[in-house]
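I have placed the structure first, in the form of structure tokens, so that the comments after it can refer back to it.
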Amino acid sequence: MRGGLVFADNGFVYSCFNCGFKVKYTPGSALSLKVKKLLEWLGVDKNDIAHLNLESLKQKSILNILETKKMIGRWSPYFETRNLPEGLEIIDSNNPCHQRYIDYLRNRGVDSTRYPYMVDPSAPSRNKNRIVIPYTYENTIVGYTARYMDDRNPKYFGEVQSGYVFGTDIQKSDWLFAIVVEGVFDAISIGGLALLHNDINDKQADMIRSLEKKVIVVPDQDKAGISVINKAVENGWSVSIPEWQSGCKDVNDAVIRYGKLATIMSIVESAESSKIKIEMSKKRLLKQISNK
């Protein structure tokens, strides 16, 4: 029943003089297990603790804000304007010729009205079977990808500029997290950011940091995803590897099986910032992959 409580940096440090229990809290970070335990011992209701955790993540320390501003000042993204293929039209639910494209998106757990998907039903050869997803930055078209619905190779074809991250234009200012995934449909299905490959280059890292949000990286659950995990750790970001059922290799697979909300909740709940815990999750993933 003896301890010391010191307030510092708008947070606190608590030490028990009897058992040696120590805990530190700084606004802007998630409540650690020790902080939660301390609050419970002090009689704080668990619902109030959960609310405090969310409120804490909304805060940014002055030092973190200044550091982010410095990084933004040193780097400014630039992407050239690009043209889309000719003959495209935005998917329209009132157009009977567009129904098969709408059905394809629905089967992938994607709402055809939430993004300007483009198609050309009268195009020759394979192009009539493609859905074009424009890449935008600050609402300017800077590239695109075309997904062919016939599943022949190549399944995707498009144009992407170096350092580009898909999904920055669909982020909301009041969102606490920026969820980073590999594929464009993974990002669209949860409102996240897509790397468009299994790596995170320096330009992409700067672009993601400029959003000033807590970053959670969700790799594909395959061997290629290991590279994304390593890059996320290098950048000091959280990594989430949810324990989805067999057959869910990526975020879009999970959305199809569990729905958007449940998938996002599983990502946030599984997010780890500790390097040791991330390494343990990576080993678990490697073992899971080797057993397939």
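The values are calculated or read from the model by the stated rules, or taken from the named source; none is laboratory data. The structure presented is a predicted model; accordingly, all values stated were derived computationally and were not measured. For neighbour counting, all protein chains shown are included, and Cβ atoms are generated from backbone atoms with ideal geometry for every residue, glycine included.
Just give me the residues in the range 25-59 being on the phi > 0 side of the Ramachandran plot and either in contact with a strand residue (DSSP E or B) (Cβ under 7 Å, 6 or more places away or on another chain) or crowded, with 17+ Cβ neighbours inside 10 Å (or both), in sequence order.
Of everything in the range 25-59, just one residue is on the phi > 0 side of the Ramachandran plot and either in contact with a strand residue (DSSP E or B) (Cβ under 7 Å, 6 or more places away or on another chain) or crowded, with 17+ Cβ neighbours inside 10 Å (or both), namely Gly28.
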**Asked** Looking at the range 20-38, which of the residues that are modelled with pLDDT of 85 or more and more than 30 Å from the chain's Cα centre (by Cα) is farthest from Val268 (Cα to Cα)?
**Response** Phe21
**Request:** For residues that are buried (at least 16 other Cβ atoms within 10 Å of the Cβ), at positive phi and in a loop (DSSP other than H, G, I, E, B), tally how many sit in the range 103-151.
**Result:** 1
**Message:** I'd like to check something: does the range 88-100 contain any residue that is in a loop (DSSP other than H, G, I, E, B) and either buried (at least 16 other Cβ atoms within 10 Å of the Cβ) or in the same structural domain as Arg257 (by TED's automatic domain parsing) (or both)?
**Reply:** yes
**Fill in**
Subset of the range 152-163, residues surrounded by 14 or more Cβ atoms within 10 Å (Cβ to Cβ) and closer than 14 Å to Gly183 by Cβ, comes to Tyr156, Gly158, Val160
**Prompt:** Just one of the numbered conditions (1) at pLDDT below 90; (2) surrounded by 13 or more Cβ atoms within 10 Å (Cβ to Cβ) is not true of Arg82; which one?
**Reply:** (1)
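Given the criteria over 27 Å from Gln161 (Cβ atoms), aliphatic (A, V, I, L, M) and modelled with pLDDT of 95 or more, does Ile133 qualify?
In short, no.
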**Selected residue (criterion: nearest to Ser32 (Cα to Cα)) from residues of the range 259-286 that are part of a helix (DSSP H, G or I) and either acidic (Asp, Glu) or not assigned by TED's automatic domain parsing to the domain that holds Val180 (or both)** = Glu269
**Message:** Just the residues that are small (Gly, Ala, Ser) and modelled with pLDDT of 75 or more, please, taken from the range 57-79.
**Reply:** none
**Fill in**
Of the candidates Ile256, Ile226, Ile190, the one satisfying the condition of being more than 22 Å from Leu33 (Cβ to Cβ) and at pLDDT below 95 is Ile226
**Fill in**
Counting only residues in the range 197-222 that are closer than 25 Å to Arg284 by Cα and touching a Phe, Trp or Tyr at 6+ places or on another chain (Cβ under 6 Å), the one surrounded by the most Cβ atoms within 10 Å (Cβ to Cβ) is identified as Val217
**Item:** Single residue of Gly236, Gly247 found to be in contact with a Lys or Arg (Cβ under 8 Å, 6 or more places away or on another chain) and exposed (fewer than 13 other Cβ atoms within 10 Å of the Cβ)
**Value:** Gly247
**Prompt:** Has the range 169-182 got at least one residue that is assigned to a helix (DSSP H, G or I), more than 13 Å from the chain's Cα centre (by Cα) and modelled with pLDDT under 95?
**Reply:** yes
**Request:** Mind telling me which of the residues Glu212, Glu243 ends up being touching a helix residue (DSSP H, G or I) at 6+ places or on another chain (Cβ under 6 Å) and either assigned to a loop (DSSP other than H, G, I, E, B) or outside the structural domain of Arg114 (by TED's automatic domain parsing) (or both)?
**Result:** Glu212
